[in-house]
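Step one of this worksheet: look at the structure below.
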Amino acid sequence: MVAGALGVKICRSPPLTLVRQIAPQPVVGDVAAEVRKQWLGSRLPGRVRRGARVAVGVGSRGIANLATMVRATLDALRDMGAHPFVVAAMGSHGGATSDGQRQLLAEYGVSEQALGVPVKTDMTAVQIGTNSWGEPVFWDKNALETDAVVTISRVKPHTDFRGAYESGITKMLVIGLGKRDGAAQHHRWGVRGLRDMLPETAKVILEKTPFLGGLAVLENAHEQTARLQAVDREDLLAFEPGMLVEARGLMGRLPFDQLDLLVIGEIGKNYSGAGIDPNVVGRLLVECQPEFESPKITRICCLDLSPESHGNGTGVGIADLTTDRLLANIDPVPFRMNNLTACFLWRSKLPFAMPNDRDCIEMGIQTCWQPLHDKLRMAFIPNTLELAELWVSPAVIDEVAKNPKLKVEGSPVPVPLDAVSNVLQERMFPHSVRGRRRMSP
């Protein structure tokens with residue numbers, strides 16, 4: 001251990017240089033106005049009668065501008081003469097409890113106090129039929145008893161499988177509004193249940209429920225709203241696969257095909273359903289499924305668990321090394337509930353833990369199969385959602401300089417540590433979720 005110029009401890013790793021991803025990104029300028037435009041320009045106004053009770057299905061992922069989208073949707077429905085309310089659409093999240101899901105939604109600004117409408121988070125699901133596999137189909141009781149249902153869903157590549165329908169409106173209808181029963185029903189079949197059975201269940205839901213349409217949300221590589229599209233129920237199964245292809249092209253990625261060591265500041269459910277996004281780090285870690293071809297990362301260290309995860313350390317096993325602090329922050333109740341319901345167990349096996357961040361990073365360096373310090377290809381990111389800024393080792397800089405989508409900021413500096421040898425992540429990533437969290441009163 002050595003000390004920096006200001007007396008701050010630093011890690012025995014190569015000095016790192018800040019790099020920004022600067023490729024132009026599509027972005028929606030006025031999110032609220034575009035939400036209203038999409039709903040009011042769709043077939044919805046002609047199908048919602050005045051005085052109708054309309055449920056708005058909302059999930060628990062960290063969608064940018066989610067509260068704005070929900071409020072604008074509620075306003076659009078009121079313009080149609082409807083009486084809207086919010087219903088939780090998030091499967092087994094929040095420990096599969098009503099209170100847990102209510103708290104998750106509130107943290108995203110979706111609460112009765114903030115929106116002035118009821119927010120229903122009851123976990124009761126009703127069997128509405130049987131799909132082509134001979135399996136029962138479940139749906140949220142509150143949603144089923146309304147006059148109409150709409151959803152707000154981000155379309156993006158799933159963390160567990162590849163298919164025509166991954167994360168999006170279809171999945172929210174089946175898994176989110178299927179509550180824990182629907183989630184467990186599909187996850188117990190593993191990848192087949194999500195990739196193959198899920199659209200068969202969706203066909204039953206489209207036939208037997210008051211679902212009318214969904215707002216599809218696409219985000220760019222900087223987690224900004226890139227596109228909004230109202231999708232009618234009749235068009236959903238034909239339209240969503242194309243949006244998934246578009247979303248895959250927009251998503252944030254590491255700008256390198258190979259790294260010896262990747263350090264992730266925080267993991268968590270607010271960054272990815274898998275805690276660590278497999279699409280970013282190139283590790284699927286799902287039983288009996290082939291791994292991604294790129295990027296190839298020899299060693300991954302994860303340092304902390306986001307408080308927004310409420311102790312759900314899902315995906316910690318995607319990393320090779322972690323800290324005692326992260327493991328101590330895992331709450332076994334939501335951790336077990338989410339993973340045992342999902343039936344994906346490999347990626348949540350506990351990795352080797354080190355006493356602090358310094359030891360974790362240095363062990364990553366020692367075990368990453370690159371003994372030549374000056375050749376070490378290392379990157380440090382705040383999480384697997386926010387990839388606009390990252391720090392890289394000298395061995396990667398030449399590659400950065402040749403990429404017009406990347407920009408080097410400043411000179412190499414040591415990794416700063418606090419008095420107990422943990423990384424000062426807020427100093428490295430002041431614009432990240434963690435940086436903004438620490439700046440909040």
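Figures for the structure shown
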| item | result |
| --- | --- |
| Every residue from the range 410-441 that is free of Cβ contacts under 8 Å to residues at least 40 places away in the same chain and either outside any loop (DSSP other than H, G, I, E, B) or hydrophobic (A, V, I, L, M, F, W, C) (or both) | 426, 427, 436, 438, 439 |
| Filter result for residue 406 (open to solvent by 40 Å² or more (accessible area, probe 1.4 Å) and either touching a residue at least 12 places away in the same chain (Cβ under 8 Å) or farther than 19 Å from residue 19 by Cβ (or both)) | no |
| Those residues of the range 68-121 which are of a type in the set (S, T, N, Q), touching a His at 6+ places or on another chain (Cβ under 8 Å) and open to solvent by 10 Å² or more (accessible area, probe 1.4 Å), in sequence order | 103 |
| Subset tally (residues that are over 19 Å from the mean Cα position of the chain (by Cα), more than 23 Å from residue 421 (Cα to Cα), surrounded by fewer than 17 Cβ atoms within 10 Å (Cβ to Cβ) and among the hydrophobic types (A, V, I, L, M, F, W, C)) for the range 285-333 | 2 |
| Residue 64 vs. criteria under 28 Å from residue 276 (Cβ atoms) and open to solvent by 10 Å² or more (accessible area, probe 1.4 Å) | yes |
| Options 16, 40: the member that is under 30 Å from residue 261 (Cβ atoms) and modelled with pLDDT of 95 or more | 16 |
| Close pairs from the range 3-28: first exposed (fewer than 13 other Cβ atoms within 10 Å of the Cβ) and assigned to a strand (DSSP E or B), partner of a type outside the set (S, T, N, Q) and modelled with pLDDT under 85, Cβ under 8 Å, at least 6 apart | 3/9; 3/10 |
| So residue 347, is it in contact with a Pro (Cβ under 9 Å, 6 or more places away or on another chain), assigned to a helix (DSSP H, G or I) and basic (Lys, Arg) | yes |
| Hits in the range 179-200 - residues which are at pLDDT below 95 and either open to solvent by less than 10 Å² (accessible area, probe 1.4 Å) or under 20 Å from residue 272 (Cα atoms) (or both) | 179, 180, 182, 183, 184, 186, 187, 190, 191, 193, 194, 195 |
| Residues being modelled with pLDDT of 95 or more, in a helix (DSSP H, G or I) and open to solvent by 10 Å² or more (accessible area, probe 1.4 Å) - total across the range 245-284 | 2 |
| Selected residue (only one of 413, 392 is at pLDDT 95 or above, of a type in the set (A, V, I, L, M), open to solvent by 30 Å² or more (accessible area, probe 1.4 Å) and touching a strand residue (DSSP E or B) at 6+ places or on another chain (Cβ under 9 Å)) | 413 |
| Qualifying positions in the range 350-403 - in contact (Cβ under 8 Å) with a residue 40 or more places away in the chain and assigned to a strand (DSSP E or B) | 378, 379, 380, 381, 389, 390, 391, 392 |
| Selected residue (criterion: least open to solvent (accessible area, probe 1.4 Å)) from residues of the range 29-60 that are charged (D, E, K, R) and in contact with a strand residue (DSSP E or B) (Cβ under 6 Å, 6 or more places away or on another chain) | 34 |
| Filter pass, residue 216 being surrounded by fewer than 18 Cβ atoms within 10 Å (Cβ to Cβ), modelled with pLDDT of 95 or more and not basic (Lys, Arg) | no |
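Yes/no matrix, rows are residues, columns are (1) farther than 14 Å from residue 261 by Cα; (2) modelled with pLDDT of 95 or more; (3) surrounded by fewer than 22 Cβ atoms within 10 Å (Cβ to Cβ):
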{"residue": "342", "(1), (2), (3)": "yes, no, no"}
{"residue": "351", "(1), (2), (3)": "yes, yes, yes"}
{"residue": "366", "(1), (2), (3)": "no, yes, yes"}
{"residue": "375", "(1), (2), (3)": "no, yes, yes"}
{"residue": "398", "(1), (2), (3)": "yes, no, yes"}
{"residue": "420", "(1), (2), (3)": "yes, yes, yes"}
{"residue": "437", "(1), (2), (3)": "yes, no, yes"}
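The values are calculated or read from the model by the stated rules, or taken from the named source; none is laboratory data. It should be emphasised that the depicted structure is a prediction, and the values quoted were computed from it without experimental measurement. Heads up, the Cβs are rebuilt from the backbone with ideal geometry, glycines too, and the neighbour counts pull from every protein chain shown. In case anyone asks, the SASA skips ligands and DNA or RNA and just uses the protein heavy atoms, side chains included. Shrake-Rupley method; radii C 1.70, N 1.55, O 1.52, S 1.80 Å.
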